[in-house]
Amino acid sequence: MGKRYLYGAAVQGIQNFIFQTNELKDIVGASELVEMVCTSAFDDFGNDPLKSIVRAAGNIKYDFDDEEQCKKAVLEFPKKVQGMAPGITISQAVVEYNPETDFADIVKQLESFLRIQRNCPARSNVHGLIGIRRSRKTGLPAIAVQYNDYLDEPTFKKKERAEKATYKVCEKAFGVNFVQKYKDKIPFNIGEITKRNNWIAIVHADGNGFGKIFQKIGKDKNKLASFSRKVNELTQTAAYMAFMNIKNAIEVELNTSGCFIPIRPIILNGDDLTIIIRGDLAIQYTNEFLQEFEKITAKELQSEFGSGLTACAGIAFIKSSYPFYYGYALAEDLCARAKAKAKQLNEDLAPSCLMFHKVQDSFVENYEEIIERELTPSVGLSFEFGPYFIDIDKQTGYWTIRDLLDSQKKLTSEEGNIIKSHLRKWIELLYVPQEDITNRNNDEVGNGLAEQYLNRFKSLLSDKSLSFSKELTTGRHDRRVRNHIEKTIKTYPTYDVLALHSIYEVVTK
């Protein structure tokens, strides 16, 4: 048999391209263009399903048996992508191999080449002279005017795809029948998603366990291609089932209050899910998605590939006026953090879990800096209590997502109302610098003041309230390594529960 050519392409700048604006239409239109890059746009260069290994989530792997056809893809595909989605660039690599070669090694070599190519800066094809009129939103050269708004080329292309793309991705996430019934209820402005207040959430979920399955099937390119297609289908099914599990409550709102569907799917491809959702629905929907993803992949992948998958998610709670790009970057950071912590519990297959953060500032750094600045009241203490798991052994000290939701709900009860203000005061005292409190009382130094306050208000509580307050203030001991030094940190769920409660209960509209 003759030589073959494994072609690989990776889309760069996806997040910047999609979340460059806060316009929902543009965001969904951009995500559709990214999906087209991996599907219909590549069909001119290779459309044989038996040779197509990966065609989703910003990645393409295609097995060419014709050198000239492969060369054509390398030369012409990036130009086609830049024409249909200006602002996106493509990294490409090719590995020539013999059919007898271990295919898993070929894929690893291709990925190595792609990583090298990603580090080579690409010249922007969206530029213009100094004197050219520019878009007021992006600063890029304008090519069209729409409703007195100057549009740059990327935005113009996004708007062209927006309406059709919106219905397409919503049908994947909600089902065709639901979209047809409530077509006029699909939100095109972010303000239409909010309800009681302006809190929305950006949710990013990503699958685990690919490495384990890849080790089993990596030598068989047909199985690898089948696995890729199957995961894409199952992710969409899990998103649909998650929505079905909360659909009844949403339909009641749609039929009684005249509001809009409070969820807008953005990316639903490969093993990736990214949605914008009303703040008070984010944890519940994500919990349903993680459960459905784990259940469906276990059922559908176990027999053919020997293992199911789990998934982790990050949720960034932001105000509706906050830049989406920063919210998405935070959601990605949180998802990665959840994966890393989950792998500490099970290296082979990280258990499904989520982490979240409510953005309080006008500027968000990476999550590591947020931990240092916002979630560390003093040395040895932390309010980074997550991740929260679908299911977890209580002996670990971690909570399930259901534990989190139940605790938030308890704060709305009579007992919860009694202790809320006390918990906030306790947290406030934990953040007081030591030098600010040493002069108040010689016995009240460091965290002793907060501890004394905590003991005082606990002594006034009923047994039921006392039990709940202990749940929120007992904490868990974590071992963490920072700058090659291992430390034991005591971390509490209090901050997370109060933050979530404010998103659920505060009314500003």
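Where a number appears in this text, it was derived from the coordinates with a stated rule and is not lab data. None of the values given here were measured: they were computed from a predicted structure. Note: ideal-geometry Cβ built from the backbone for every residue, glycine included; neighbour counts use all protein chains shown.
Quick check on my link table: of K51/K341; K247/K458; K25/K247, which ones sit more than 32 Å apart, alpha carbon to alpha carbon?
K51/K341; K247/K458
Could you give me the ³J(HN,Hα) list for the stretch 266-274, computed from phi with Karplus coefficients 6.51, -1.76, 1.60 and θ = phi - 60°, whole Hz, x at Gly and Pro?
10, 10, 9, 7, x, 9, 9, 10, 10
Assuming R0 = 30 Å, can you tell me the calculated FRET efficiency for the pair R476 and R115, based on Cβ-Cβ distance, to the nearest 0.05?
0.25
Within the stretch 1-64, which trypsin sites (Lys or Arg not before Pro) sit in a loop by DSSP and count at most 15 neighbouring Cβ atoms inside 10 Å? If you can, show how the numbers build up before the last one.
Working: sites: K3, R4, K25, K51, R55, K61; in loops: K3, K51.
Here the sparse-neighbourhood loop sites are K3.
Amide H to amide H, which residues 5 or more places from A311 or on other chains are under 5 Å from it, using H placed in the peptide plane?
Here the answer is N208, S352, C353, since their amide H atoms fall under 5 Å of that of A311.
Starting at the first residue of the stretch 206-212, write each ³J(HN,Hα) from the Karplus equation 6.51 cos²θ - 1.76 cosθ + 1.60 with θ = phi - 60°, in whole Hz, x for Gly and Pro.
3J(HN,Hα) across the stretch 206-212, in whole Hz: 9, x, 10, x, 5, x, 5.
Given H placed 1.01 Å from N in the peptide plane, which residues other than close sequence neighbours of L140 have an amide H under 5 Å from its amide H?
Amide H neighbours of L140, under 5 Å, 5+ apart: S135.
Which entry is the computed volume of the Cα convex hull per residue in Å³ for this structure: (1) 216; (2) 186; (3) 177?
Identified label for the calculated read-out: (2).
Can you compute 3J(HN,Hα) from phi for each residue in the stretch 162-175, using the Karplus curve 6.51 cos²θ - 1.76 cosθ + 1.60 with θ = phi - 60°, rounded to whole Hz and x for Gly and Pro?
Calculated HN-Hα couplings, in order: 4, 5, 4, 5, 4, 5, 5, 6, 5, 5, 5, 7, 10, x Hz.
Only Cα pairs under 8 Å and at least 6 apart count here; give the relative contact order of the chain as a rounded whole percent.
13
Is the C-alpha gyration tensor of the stretch 364-425 telling us rounded, prolate or oblate? Criteria: a/c under 1.5 is rounded; beyond that, a/b larger than b/c is prolate, otherwise oblate.
It comes out oblate by the Cα gyration axes.
Output the pairs from K164/K195; K80/K164; K420/K470; K61/K230; K3/K71 with a Cα-Cα distance over 23 Å in this structure; if there are none, say none.
K164/K195
Just flag the trypsin sites (Lys or Arg not before Pro) in the stretch 336-409 sitting in loop per DSSP whose Cβ has no more than 16 other Cβ atoms within 10 Å.
none
Take the chain, mark every one of the chymotrypsin sites (Phe, Trp or Tyr not before Pro) that falls in a DSSP loop and has at most 16 other Cβ within 10 Å, then report the longest stretch left between them, sites excluded.
That would be 189-362.
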